[in-house]
Amino acid sequence: MEKRVLIIGAGLSGLLCGKILSQRGFAVTILEQGAQAGGALQTFVREGIRFDTGFHSVGGLGPGEPLEQIFRPLGLMDLPWLPMEPDELIGCDDAFLRLSAGTEDERSHVLEPYQLSIWRLRGGGKTLADALALGQDIRLRKQVTSVENRTVTCADGSCFSADAVVSAIHPKALLRLLRDPVRKAWRTRIETRQDSPGIFTVNVKLRPGALPYINHSIFLSGKVMIHFGEPAPDGSARSLDLLAFDTGALPQTPPLRPAITQSLPSRPPLAADAASVMPGSELDTGALPQTPPLRPAITQSLPSRPPLAADAASVMPGSELDTGALPQTVMPGSERVSRALSLIHIAAQRLPGLPDAVEKYWTSTPQTWERFTGTPGGSAYGICKRGPEDYLAPQTPLPWLFLTGQNLGLHGILGTSVSALNTCNALNDIL
Ligand SMILES: Cc1cc2nc3c(=O)[nH]c(=O)nc-3n(C[C@H](O)[C@H](O)[C@H](O)COP(=O)(O)OP(=O)(O)OC[C@H]3O[C@@H](n4cnc5c(N)ncnc54)[C@H](O)[C@@H]3O)c2cc1C
C-alpha cells in the first residue's frame, strides 16, 4: 500500500517535496494556511504591474549547474527562464551576506551559483509555484494548529493522519505546534538559533519610458538591493523593487528632517492594513492607502542623507519581534513613507533619474512577512548560518517527523531546493 505523507506549508520547499515524493510513489497532501500556494514565491498585482515578493532572480540554472540538475527531472526547465547579466555590486563589503551567512565558506556557497549564471522567470515566482502545484493535492486555507503522533489538526478543526509529516515551515513555528514530547536538546537547539533580519521593501511603479530596464540586480553599498521587474515591450523599465535589511546592525541615521514629516498626510497604522489581507491572499501592500505624490517630497525634502538602516533600528526593536505573537506595535505609515523615500534616495546614487521616474510605490515590512508566511519576526532568510552548528538535519527525534525549507541549510531558491531534496532522501530512507 502506498505510504501517506502530509506536508505543512506550500512554499517552495513544501511544493518541491510534494512533487519529488509523489514521483517516488508516496500519496502526498499539502496543507497551506494561505489562500494560494507558493509562500515567498507569490506575486501580487497593483495597477496592472506584477510585483514579486521573495523571488527576483536565481542562480545556477545553466546546463550542468546545480539547480538545473534538480529542476530538469521535475520538468521545471521547460518554464520561460530568461538569462540575466551578473549582479552589480557597488560599494558592497558583503554586509548583506554576513546577515544570512557568516563564514567565508558559507559566503562562497551563497555567491557561487550567482557566479555561474543568473536567471529570471517570465511571470515571476508565481510561474514556478503554479508549475509545482499542478496536479498536487494542496489544501488551501488550512492553518495547522497542532501536530501530534502523525496527526495534524487545522484551525478549522479538520484532522489529517499519515505515515510521515514534513514540516516546510520555520522550525520555531513547528515547535509551537508540536504536542509530542521531544528531546530537550533538540528543542533548545532550534529555539536558540538566531534568525536573519526581515526586509523592508518598496515596490515602485515607474512612469512609462522614464527609466531604461537593466537586466541585472544591483546591490548598493551593502544596504539596498535593486531588482527590476519585467520590462515593457519598448525595453523601458515598468517597475522595480528596493529591498533593505531591517537591522539595527547598520549605521545610525539622524532623525528625520521636519520637512519630511510635515509633507506627509496622516495615515492609519499598518495593523489594520495587514489584518485586512492576511494571511496568504496577498501582501498587505495593496491595502495601504494611496501614497502621496512622491516627487516634490523627494526633491525638496531629501537632500543627501546617510544610510537608511537606522530608521529600522529605531522602530524595530528585536524584542518586539521575538514575542511569538503578533507585534504589539507596528511601523506607522509615516515611518514607512520616510523609509521608502530614504531607499529611493539611496537607489538614486546609482539611478539618478529614479526620483523623477517614480509614479507610485507600495511598501511591506517584516511584520508583513510574519503574517504572510508565519516566519517568526518576519525573518527573510530564516535561521542564520554562521557555521555547521547552525545547520539543521531533516530528521527529528520523532521518526515520522521531518524538517525542510530554507532554515535547514542555505536560503534562496537553490538552497531551499537542495534542502527539499535532502528531506525527501531522508524520508525515503526511513519509510
Ligand atoms: C524579500 C525576499 C526576497 C528574496 N529574493 C530572492 C531571490 O531573488 N532569489 C532567491 O533565490 N531567493 C530569494 N529569497 C529567498 C527565497 O524566497 C526563500 O529562501 C524561499 O522561497 C523559502 O521557501 P520555504 O519553502 O523555505 O519557505 P516559505 O516560502 O516561507 O513557505 C512557508 C509556507 O508555509 C506556510 N505556513 C506557515 N505556517 C503554516 C501553518 N501553521 N499551517 C499551514 N501553512 C503554514 C506559509 O504560508 C508559506 O506558504 C527572497 C526572500 C525574501 C524574503
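The values are calculated or read from the model by the stated rules, or taken from the named source; none is laboratory data. Note that the coordinates shown come from a computational prediction; the quantities given were computed from them, not determined experimentally. Backbone-built Cβ (ideal geometry, glycine too); neighbour counts: all protein chains shown.
Looking only at residues in region 190-236 that are among the polar types (S, T, N, Q) and closer than 30 Å to Gln395 by Cβ, which one is surrounded by the fewest Cβ atoms within 10 Å (Cβ to Cβ)?
Across region 190-236, the extreme among qualifying residues is Thr192.
Every residue in region 344-384 that is within 16 Å of the ligand (Cβ to nearest atom), touching a strand residue (DSSP E or B) at 6+ places or on another chain (Cβ under 9 Å) and charged (D, E, K, R), please.
At the first step, the residues of region 344-384 found to be within 16 Å of the ligand (Cβ to nearest atom) are 347, 361-384.
From the residues that got through so far, the ones that are touching a strand residue (DSSP E or B) at 6+ places or on another chain (Cβ under 9 Å) too are 347, 361-370, 372-373, 375-384.
Listed by number, the list holds a single entry, Glu370.
Being crowded, with 24+ Cβ neighbours inside 10 Å, out of contact with any His (no Cβ under 8 Å at 6 or more places or on another chain) and more than 23 Å from Leu89 (Cβ to Cβ): is that true of Leu403 here?
yes
Tell me, which residue of region 1-48 that is acidic (Asp, Glu) and surrounded by fewer than 24 Cβ atoms within 10 Å (Cβ to Cβ) is farthest from the chain's Cα centre (by Cα)?
Initial filter on region 1-48 (acidic (Asp, Glu)): 2, 32, 47.
Subsequent filtering for residues that are surrounded by fewer than 24 Cβ atoms within 10 Å (Cβ to Cβ) retains 2, 47.
On the way: Glu2: 34, Glu47: 22 Å.
Restricting to residues being acidic (Asp, Glu) and surrounded by fewer than 24 Cβ atoms within 10 Å (Cβ to Cβ), the top hit is Glu2.
Going through Val5, Val58 one at a time, which residue ends up being modelled with pLDDT of 95 or more and among the aliphatic types (A, V, I, L, M)?
Values: Val58 fails: modelled with pLDDT of 95 or more.
Val5 is the lone residue from the list that is modelled with pLDDT of 95 or more and among the aliphatic types (A, V, I, L, M).
What are the residues in region 190-207 that are over 17 Å from Phe51 (Cβ atoms), away from the ligand (no atom under 16 Å from the Cβ) and touching a residue at least 40 places away in the same chain (Cβ under 8 Å), if any?
At the first step, the residues of region 190-207 found to be over 17 Å from Phe51 (Cβ atoms) are 190-198.
So of that shortlist, the ones also away from the ligand (no atom under 16 Å from the Cβ) come out as 191-192, 194.
Listed by number, the list holds a single entry, Gln194.
Here is a check on your reading of the model: is Val165 within 11 Å of the ligand (Cβ to nearest atom) and either crowded, with 21+ Cβ neighbours inside 10 Å or of a type in the set (Asp, Glu) (or both)?
Here the answer is no, as Val165 does not meet what is asked.
Do the conditions hold for Ser342, that is, is it in contact with a helix residue (DSSP H, G or I) (Cβ under 8 Å, 6 or more places away or on another chain), surrounded by 24 or more Cβ atoms within 10 Å (Cβ to Cβ) and either on the phi < 0 side of the Ramachandran plot or assigned to a helix (DSSP H, G or I) (or both)?
yes
Here is a yes/no grid of residues against (1) of a type in the set (A, V, I, L, M); (2) within 16 Å of the ligand (Cβ to nearest atom); (3) at pLDDT 95 or above:
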residue	(1), (2), (3)
Ile138	yes, yes, yes
Thr145	no, yes, yes
Val152	yes, yes, yes
Thr188	no, no, yes
Gly209	no, no, yes
Ile214	yes, yes, yes
Val224	yes, yes, no
